[in-house]
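These notes are about the structure you will find just below.
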Amino acid sequence: MFKIACRNILRNKRRSLMSLLISMVGVAVLYLVIGYNTATNQGLELMAVEEYGDLQIAKAGYWDEEKTDQLILTKNEIEIIEEILRGEETISGFTTQLNCSAVLGTENGSVIVSGWGIEPGANLGVSYSITSGLNLFPGDQNQVLLGEGVRKKLHLQTEDWVSMMVTTLDGAYNSGSLQVSGAFTTGVSDADGFYVILPITYVQTLLNIDGVEKFLVRLEDTALAPEVRTRLLARFNAAGLDLEIKSWSDLADMYHQIKGMFETIFFFLSIIVFVLVFFSIMEIMSMAFFERMNEIGTIRSIGAKRRQVFLLLIQEGLVQGIIGGILGICLGWGMGALINGLQISYIPPAFSNPVPLTIDQALRNGLPPFIIVLCSTFLSALFPAIKGVKLNIVEIMRHV
């Protein structure tokens with residue numbers, strides 16, 4: 001029966017070719033969309049982990065939106081946390097961070113900025129690239145990195161001096177001078193006009209404290225974050241610390257927003273491809289059925305059962321769907337390789353730097369479109385098949 005179905009497909013080559021082309025294009029388009037979504041999500045996840053770390057540890061209530069006070073980990077709490085973190089084998093590194101809001105200015109003007117107080121040399125917690133000057137190095141004290149937008153607003157160059165004024169935790173004002181070490185970009189233009197990066201020791205001096213806001217933790221494997229989070233919470237509670245731990249996924253709102261947008265786009269594209277393939281192949285199969293009324297009547301009259309005729313027509317549709325799906329995956333893979341080879345780049349909304357247009361070439365990306373087209377092909381063949389087996393032999397033979 002299967003061999004007969006394959007031969008029937010080859011009887012009208014033009015019609016079969018049209019069915020295959022429709023299935024191929026549908027699968028290839030969905031393959032490229034999934035490949036782009038996957039590559040984009042992987043890039044965003046990598047950026048989020050670089051910015052937030054795999055885990056962040058802070059006092060309970062630190063991420064409460066209604067919080068008004070700045071919650072600081074004391075020196076004693078820092079020592080206990082560091083000891084516990086060093087005892088966790090899955091942790092590849094950790095650092096501390098202390099942020100502050102300040103007024104940064106020169107005699108010619110000033111801007112309100114948000115300062116990232118980091119440990120110089122620890123490439124964790126802030127995702128940025130240097131655009132001019134030098135990065136911060138271990139031991140730096142009175143050096144500052146300016147967001148490219150901040151630098152342009154204040155018309156500053158490397159080695160210029162600026163003043164910074166902050167409000168301490170007890171409500172007093174404090175200020176200090178900093179030398180511009182260089183400028184950086186986060187890739188997001190709005191952030192570049194608002195953020196500066198400082199040595200954490202300098203921020204502690206300005207705020208008149210010896211604590212930090214949070215720990216940023218990097219794991220050997222990001223997938224271990226939930227497991228390590230549970231284990232660390234248990235150890236912190238046993239040590240009498242009231243702490244809260246957030247994963248990068250909890251903090252990366254932009255990642256989830258962009259991922260949700262791409263999932264919505266893929267959903268509607270899937271529906272469009274499904275409907276296109278369904279009606280196109282159903283029309284082709286229906287035309288083939290009416291042209292083959294005499295054939296169906298003949299095989300029914302010599303003893304073929306309704307079930308056999310039904311399976312024959314369904315198999316024809318499935319064979320076309322399988323072949324079209326496989327060829328579509330091959331076409332999509334080839335187009336993806338071509339796009340990657342062309343090294344196309346573009347600037348996404350809110351970003352300041354171009355990013356490469358990349359298609360993930362994993363063959364698993366072809367499974368969803370293959371299933372979608374196969375289901376669509378099966379359902380489109382179902383209608384003429386059911387109609388064909390319902391007709392009685394006498395009525396069919398009138399067409400002979």
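The values are calculated or read from the model by the stated rules, or taken from the named source; none is laboratory data. Keep in mind that what you see is a predicted model, and the values were worked out from it rather than measured. With ideal geometry, Cβ positions are generated from the backbone for all residues, glycine too; neighbour counts draw on all protein chains shown.
Looking at the stretch 235-274, which of the residues that are without any contact (Cβ under 8 Å) to a residue 24 or more places away in the chain and of a type in the set (Val, Ile, Thr) is surrounded by the most Cβ atoms within 10 Å (Cβ to Cβ)?
Per the criteria, the residue is 272.
List the pairs whose first member sits in the stretch 317-344 and is in the same structural domain as residue 372 (by TED's automatic domain parsing) and in contact (Cβ under 8 Å) with a residue 60 or more places away in the chain, whose second member is in a loop (DSSP other than H, G, I, E, B) and among the acidic types (Asp, Glu), and whose Cβ atoms are under 8 Å apart, counting only residues at least 6 apart or on separate chains?
336/360
Please give the number of the condition residue 315 fails out of (1) on the phi < 0 side of the Ramachandran plot; (2) under 24 Å from the mean Cα position of the chain (by Cα).
(2)
I'd like the residue in the stretch 16-30 that is among the small types (Gly, Ala, Ser) and in contact with a Phe, Trp or Tyr (Cβ under 9 Å, 6 or more places away or on another chain) and, out of all such residues, is surrounded by the most Cβ atoms within 10 Å (Cβ to Cβ). First the steps, then the outcome.
Looking only at the stretch 16-30, we keep the residues that are among the small types (Gly, Ala, Ser), and these are 16, 19, 23, 26, 28.
Adding the requirement that they be in contact with a Phe, Trp or Tyr (Cβ under 9 Å, 6 or more places away or on another chain) leaves 26, 28.
Working: 26: 25, 28: 22.
Applying the filter and picking the extreme gives 26.
Restricting the stretch 335-375 to residues that are among the small types (Gly, Ala, Ser) and farther than 16 Å from residue 23 by Cα, which is surrounded by the fewest Cβ atoms within 10 Å (Cβ to Cβ)?
Restricting to residues being among the small types (Gly, Ala, Ser) and farther than 16 Å from residue 23 by Cα, the top hit is 341.
Conditions: (1) at pLDDT below 80; (2) assigned to a helix (DSSP H, G or I); (3) under 29 Å from the mean Cα position of the chain (by Cα). Residue 348 meets all but one. Number of the miss?
(2)
Can residue 207 be described as farther than 30 Å from residue 348 by Cα and touching a Ser or Thr at 6+ places or on another chain (Cβ under 7 Å)? Walk me through how you get there before you give the answer.
Numbers: farther than 30 Å from residue 348 by Cα: yes; touching a Ser or Thr at 6+ places or on another chain (Cβ under 7 Å): yes.
Answer is yes for this residue.
For the stretch 106-150, which positions are over 21 Å from residue 169 (Cβ atoms), assigned to a strand (DSSP E or B) and in contact with a helix residue (DSSP H, G or I) (Cβ under 7 Å, 6 or more places away or on another chain)?
Correct list: 106, 109, 111, 131, 147.
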